[in-house]
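Okay, structure first, notes after.
Derivation of every value follows stated rules applied to the coordinates shown; laboratory data play no part. If you're wondering where the values come from, they're calculated on a predicted model, not measured in any experiment. FYI the Cβ positions are ideal-geometry reconstructions off the backbone, even for glycines, and counts take in every protein chain you see.
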Amino acid sequence: MQKSSRKIKAIIFDLDDTLYDCSGTLVVRGRRQVAKTIARLINSSEEEAYHLQVEMEEKYGVKANIYEKIV
């Protein structure tokens, strides 16, 4: 068995989706999970809470702390 002489020189983390747009996959699933908690806090359905998140992000932007505004 040969040892590989290749070494890892760098690890890149894409924390804000600038290198790979995962917004179409992970973000929606994350929003759905958060909607469960929001629904309990504001006494609404999960679907209403989900749509509220989407509306707030469209209005204030994805970097805004919309959850403080919702709750």
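Some observations on this one:
- If you take the alpha carbon atoms of the chain and fit the smallest convex hull around them, that volume is 146 Å³ per residue.
- Using alpha-carbon coordinates, inclination of helix 28-42 to the longest axis of the chain, degrees: 30 degrees
- Using alpha-carbon coordinates, inclination of helix 46-60 to the longest axis of the chain, degrees: 80 degrees
- Sequence ranges 40-53, 6-19, ranked by mean other-Cβ count within 10 angstrom, highest first: 40-53, 6-19
- Pairs of Lys residues in the chain that lie 8 or more places apart, or on two chains, and have C-alpha atoms under 28 angstrom apart add up to 4.
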